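Here's the structure we're looking at; comments come further down.
The values are calculated or read from the model by the stated rules, or taken from the named source; none is laboratory data. Please read these numbers as outputs of a predicted model, since none were measured by experiment. Methodologically, a virtual Cβ is constructed for each residue, glycine included, from the backbone with ideal geometry; neighbour enumeration extends over all protein chains shown. Areas reflect the complete protein model, heavy atoms only, side chains present, ligands, DNA and RNA absent. Shrake-Rupley method; radii C 1.70, N 1.55, O 1.52, S 1.80 Å.
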Amino acid sequence: MPENPSSGSPARPASPARRRQRIARRGTILPSFLSLLLTVGLWWAGEYPGERTWITTLFAYAPPLLLLVPTALAFSWSLFRRDFRALPIHLLSAAFVVPVGLGGRFPTRQETPTGPRFRLMTYNIEKGAKGIDRVAQEIRRSGADVVCLQETRGDGSLPDPIPLLESRLTGYRFVRAAEVAIASRYPLRNVRTVSIVEGNRRVALSAEVTIGDRIVTVMTVHPVTAATPETVRRHRGSLPSYLHRTTAIRARQFEKIEAATRRIAGPLILCGDFNTPPRGVLYRRLTADFEDAFTASGSGFGWTYPSGFPCLRIDHIFTRNGVRAVRTVVPAVTASDHRPVVSDLFLAPTSIPGTGR
């Protein structure tokens, strides 16, 4: 029998009560630790492999609230067991999920605008399905000087929303191509379109706007979505092949958008309904050249879709070449199935060396 080195007497075997206590401890802490690893793993899969594989595409485009599930289950188990020794693990998981996994923003930028200021809104108006008067009211209420719109075409059951908006927003000039449009209090010139989908069904629409003594190019886009619960239910064939196909289509659209922006040397704003959360390969490609206005100057999560109970941030305003965001908000409005994004911008005297911004 082994001896206790401190007393020289034989070590006593652990009592059944102590053994049960150790097992109970492992039965609470181990699941909590595994839930933390699972949470980080799911986030990493959507963030870095992203659209490279069909399974990580699902993680990249899933609502980020799903990252709370492992922690919630582990914490519920702790409550059931009335054992809170794993509480530090739950707090660590929450400290990771809220700012990183859910994309919570707490802006620290303290910047004094030194150039011309203006306000820009991007808004998917859902063809005016919930009433064009409500859309016009939200645009007026925003005080936006420039408005980029998506889904501006009517269909068999809905009238064309642009003539209706023009009649209600008399202080704006409108240009439209396919299903995107730009409205501006300032004159618009050098209007251009670039097809991003075969057949010109979707285009990138750009126009130059004079702000003070500076010229800014504004471009609005609306790439097709990778997958939604509805499209997944309706697709034919295997899910992996469907996701591979839609992801390849989206990658080609982003290549065409990037090629169009590379031809613009001056201050540039790229915005719209990208159907792309702020993670994954395609989003990182954009933020390599642009600054995300909400990331730079927003507060909270900035979720834009669906408007009634938002859980995804897929509408974005990107800036570069001296356009800077000082405040970006997502108004809690339901005039469409998307919420708009509104950003107060200014034109810095020069762009930031080495960043293209």
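Taking the criterion of being over 25 Å from the mean Cα position of the chain (by Cα), open to solvent by 60 Å² or more (accessible area, probe 1.4 Å) and not acidic (D, E), the residues of the stretch 149-175 that qualify are G156, S157, P159, P163, S167, R168, T170, R173. Name the residue that is farthest from V218 (Cα to Cα), counting only residues in the stretch 87-127 that are out of contact with any Leu (no Cβ under 6 Å at 6 or more places or on another chain), in a helix (DSSP H, G or I) and not hydrophobic (A, V, I, L, M, F, W, C). This residue is P88.
Within the stretch 83-104, can one find any residue that is surrounded by fewer than 17 Cβ atoms within 10 Å (Cβ to Cβ), touching a residue at least 60 places away in the same chain (Cβ under 8 Å) and within 23 Å of C271 (Cα to Cα)? Yes: the stretch 83-104 contains one or more residues that are surrounded by fewer than 17 Cβ atoms within 10 Å (Cβ to Cβ), touching a residue at least 60 places away in the same chain (Cβ under 8 Å) and within 23 Å of C271 (Cα to Cα). Selection over the stretch 260-276 of residues that are assigned to a helix (DSSP H, G or I) and open to solvent by less than 30 Å² (accessible area, probe 1.4 Å) gives a count of 2. Note on the stretch 295-321: residues that are open to solvent by 40 Å² or more (accessible area, probe 1.4 Å) and not in a loop (DSSP other than H, G, I, E, B) amount to 2. Just to be sure, is T247 β-branched (V, I, T), free of Cβ contacts under 8 Å to residues at least 60 places away in the same chain and surrounded by 13 or more Cβ atoms within 10 Å (Cβ to Cβ)? No, not satisfied.
The set of residues from the stretch 134-145 being part of a helix (DSSP H, G or I) and within 13 Å of A183 (Cβ to Cβ) comprises V135, A136, E138, I139, R140, S142. Being in a helix (DSSP H, G or I) and acidic (D, E), is that true of even one residue in the stretch 158-175? Yes. Criterion applied to R339, R284, R279, R324 was being outside any strand (DSSP E or B) and buried (at least 24 other Cβ atoms within 10 Å of the Cβ), and the one residue passing it is R339.
Screening the candidates V197, V191 for the property of being surrounded by fewer than 16 Cβ atoms within 10 Å (Cβ to Cβ) and closer than 23 Å to D160 by Cα yields one hit, V191.
How about the stretch 97-132: which of its residues are modelled with pLDDT of 90 or more and within 30 Å of D213 (Cβ to Cβ)? If the condition is that a residue be modelled with pLDDT of 90 or more and within 30 Å of D213 (Cβ to Cβ), then P116, R117, F118, R119, L120, M121, T122, Y123 are the ones that fit.
Conditions tested, residue by residue: (1) outside any strand (DSSP E or B); (2) over 30 Å from P63 (Cα atoms); (3) modelled with pLDDT of 95 or more; (4) not charged (D, E, K, R).
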{"residue": "V147", "(1), (2), (3), (4)": "no, no, yes, yes"}
{"residue": "G154", "(1), (2), (3), (4)": "yes, no, no, yes"}
{"residue": "R192", "(1), (2), (3), (4)": "no, yes, yes, no"}
{"residue": "E198", "(1), (2), (3), (4)": "yes, no, no, no"}
{"residue": "L205", "(1), (2), (3), (4)": "no, no, yes, yes"}
{"residue": "T220", "(1), (2), (3), (4)": "no, no, yes, yes"}
{"residue": "R233", "(1), (2), (3), (4)": "yes, no, no, no"}
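When the criteria are applied in full, P349 meets the requirement of being in contact (Cβ under 8 Å) with a residue 40 or more places away in the chain, over 18 Å from L65 (Cβ atoms) and open to solvent by 20 Å² or more (accessible area, probe 1.4 Å).
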